[in-house]
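**Q** Sharing a structure with you now.
Rule-based calculations on the coordinates, nothing more; no lab input. These numbers were taken from a predicted model, which means no experiment stands behind them. Here the Cβ positions follow ideal geometry from the backbone for every residue, glycine too, while neighbour counts run over all protein chains shown.
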Amino acid sequence: MTTAIDELFALLAEVGATVTLYGKPTTKEEVLAVAQKNVQHLFVNAATEVAVARAARDILGPPTHYWRVRTRLPERFGTPCWVTARGALNSCRVIFEDGHEVITSRNFVRKLKP
């Protein structure tokens with residue numbers, strides 16, 4: 001019998017993503033120990049990120065930018081991404097290949113060279 005955690009890790013493996021707790025890669029056992037009551041919430045968030053990742057790849061094509069800083073989201077340094085919206089005060093919405101979205105400064109991303 002598969003649990004929601006097994007499905008979560010299977011979905012994340014499908015798009016090459018990992019689960020992190022407090023910024024460190026995490027195993028299934030650690031997730032169960034920390035969030036037994038919130039497993040369904042984690043599953044819904046992961047499924048949403050997988051759907052976003054698939055849609056981004058299908059609609060936007062190959063990534064156009066990369067994450068260039070280590071101070072914020074250091075595990076994402078050098079990771080390809082898309083800038084899908086620009087906002088006021090030099091902000092933008094970034095979607096990574098695994099579906100993770102952040103609103104950040106446009107200084108944190110650079111265009112990929114052709």
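**Q** Determine the shape class of segment 45-114: with a ≥ b ≥ c the square roots of the Cα gyration tensor eigenvalues, call it rounded for a/c under 1.5, and otherwise prolate if a/b is greater than b/c, oblate otherwise. Working shown, then result.
**A** Working: a/c = 1.42, a/b = 1.35, b/c = 1.05.
Since a/c stays below 1.5, the shape of segment 45-114 is classed as rounded.
**Q** Also, quick follow-up: What order do you get for 49-56, 72-79 when each peptide is scored by the mean count of other beta carbon atoms within 10 Å, highest first?
**A** Values: 49-56: 17.2, 72-79: 13.8.
Those peptides, ordered most packed to least, come out 49-56, 72-79.
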